[in-house]
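The values are calculated or read from the model by the stated rules, or taken from the named source; none is laboratory data. Fair warning: this is a prediction, and the values are worked out from it, not measured in the lab. FYI the Cβ positions are ideal-geometry reconstructions off the backbone, even for glycines, and counts take in every protein chain you see. Each accessible area value is taken on the protein alone, full model and side chains, heavy atoms only, with ligands, DNA and RNA left out. Shrake-Rupley method; radii C 1.70, N 1.55, O 1.52, S 1.80 Å.
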Amino acid sequence: MNVSTPAVIVDLDITERNIQRMAEVVRSAGIRHRPHIKSHKSVYFARKQLEAGCTGITCAKLGEAEVMAEAGFDDILIAFPIIGEDKQERLFRLARQIKVTCVADSMEGAVSVSRVGERLGSRIPLCIEVDGGIGRCGRQPGQDTLEFAKQIHSLPGIEVVGVLSYAGQIYGESSKESIRAMAKSEALLLKQSADMIREAGIDLTVVSGGSSLSSKFAQDLDGVTEVRAGNYLFHDVGQLSMGMVTVDDCALRVVTTVVSVPAPGRAIIDAGSKTLTTDMMPFSKGYGYIIEQPEIEIFKLNEEHGFLRYDPSLSLQIGQQLTIIPNHACVIPNLCDEVLGVRAGKVVERIKIDARGKSS
């Protein structure tokens, strides 16, 4: 491929196939899909997802939501607590334009959103975040979530509409059977919490869960009304090393050039930590999967350099291009102003990463 390296490319045929597959899986289960756009941060890809039947989008931060609203998206879930007066002011401006759903796991967070709703003169939909098991944000499932729902239900500027979780520990499972079991477990905890809240007289319509892994088992997500898969449109070494996808399912890739061969069994490429992610995966070695020669390990990254090691019987030439599937595809677009859309090995689109750097 004749591109200046390092280059981030996205095979558009693979991406569109991944989007359609997930759309069919969740549709057959009767579940809505509200994809997480932090995986691509791009208006182009978000529109592709909505064209496939997704119902609104999920953003990690207000900055992403502001960019997407400006581009015409009018139903956005912000899956991050709104804390601070500056965030309240930005939420106020955003909620005057479009439908925004927020999350909270603290009285401070709920009050923050409620104050915005009071200024608007209407209640902002709010989901209670439930800890899916990774100990990040969220109330504990069951009684703790119920008591919190009771505490915030009467706040004047919000309407408690659902519960939401992310069970990220699923990426530590090593078999399809254990992944399916984890997906069922996440759904059960969410459903139990939602049922307890409903029995207390608070009508919930949203039970939101599902990562790109668990969403593949949408038929087993009993009680879940929507999933928020994001990584699924690209895939990466995370799922490849677990046997959940093949190389042909991995749409986002980094094309790099060998720039030095300092010794037998060692080489340097022009993709370092500013191109590839430093995230490691539990079931693979190194910082990515080299498609042409998977036995080569990317064992170290500097900012601009990638360090390769391999059996000295192999031969790499200076100027040779290699194609890498990154460990964690969701990190890569945020490192780029644009990615190159390719079909049949030819560049056909230059796709802007509209929400790059919008981390506040």
Signed unit charges on C-beta, dipole axis of the chain, positive-most listed residue 234, 135, 183: 234
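Write out the chymotrypsin sites (Phe, Trp or Tyr not before Pro) in the stretch 253-318 meeting two conditions: DSSP loop, and at most 16 other Cβ atoms within 10 Å of their Cβ. Intermediate values should be presented prior to the final figure.
Values: sites: 283, 287, 289, 299, 307, 310; in loops: 283, 287, 310.
Sparse-neighbourhood loop chymotrypsin sites (Phe, Trp or Tyr not before Pro): 283.
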Given charges at Cβ of Lys, Arg, Asp, Glu: the chain dipole, positive-most of 156, 72, 170: 72
Per-residue HN-Hα couplings for the stretch 123-138 [Karplus 6.51, -1.76, 1.60; θ = phi - 60°; Hz; x = Gly/Pro]: 7, 8, x, 9, 9, 7, 7, 10, 4, x, x, 9, x, 9, 9, x
Relative contact order of the stretch 135-265, defined on C-alpha pairs under 8 angstrom at six or more residues apart (%): 23 percent
Karplus-derived HN-Hα couplings along the stretch 275-284 (A = 6.51, B = -1.76, C = 1.60, θ = phi - 60°), whole Hz, x at Gly and Pro: 10, 9, 7, 8, 4, 9, 10, x, 10, 8
Residue of 226, 173, 85 that the Gaussian network model of the chain assigns the largest fluctuation, springs spanning Cα pairs under 10 Å: 85
Cα centroid of the stretch 212-257 to Cα centroid of the stretch 261-295, whole Å: 21 Å
Amide H contacts of residue 338 (H built 1.01 Å from N, under 5 Å, at least 5 apart or other chain): 353
Stokes-Einstein D in µm²/s, Kirkwood radius over Cα pairs - the stretch 92-183 at 10 °C with 1.306 mPa s viscosity: 111 µm²/s
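About its Cα centre, what dipole magnitude does the stretch 307-360 give when the only charges are +1 on Lys and Arg Cβ and -1 on Asp and Glu Cβ, stated in debye to the nearest 20?
Charge dipole, the stretch 307-360, about its Cα centre: 100 debye, nearest 20.
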Given charges at beta-carbon only (K, R positive; D, E negative), |dipole| of the chain in Debye: 380 debye
Per principal axis, descending, Cα span of the stretch 8-79 in whole Å: 33, 31, 18
Alpha-carbon centroids, the stretch 323-360 and the stretch 93-119: separation in whole Å: 31 Å
Distant alpha-carbon pairs in the stretch 175-259 (separation over 21 angstrom), percent: 43 percent
The stretch 142-284 pair-distance distribution - Cα-Cα, 5 Å bins, rounded %: 2, 9, 15, 15, 13, 11, 9, 8, 7, 4, 3, 2, 1, 0, 0
Shape parameters for the stretch 243-309, alpha-carbon atoms, Rg then Dmax in Å: 12.0, 36
Carbon + sulfur, % of accessible area of the stretch 52-189 - ligands and nucleic acids excluded, 1.4 Å: 48 percent
Globularity index of the stretch 145-209, i.e. its alpha-carbon radius of gyration over 2.2 N^0.38 Å: 1.32
Three principal axis lengths of the chain [C-alpha, angstrom, descending]: 70, 41, 33
For the stretch 171-183, 3J(HN,Hα) per residue [Karplus equation, 6.51 cos²θ - 1.76 cosθ + 1.60, θ = phi - 60°, Hz, x = Gly/Pro]: 6, x, 7, 10, 9, 4, 5, 6, 5, 4, 5, 5, 4
Protection proxy ranking of 315-325, 189-199 - average other beta-carbon atoms within 10 Å, highest first: 189-199, 315-325
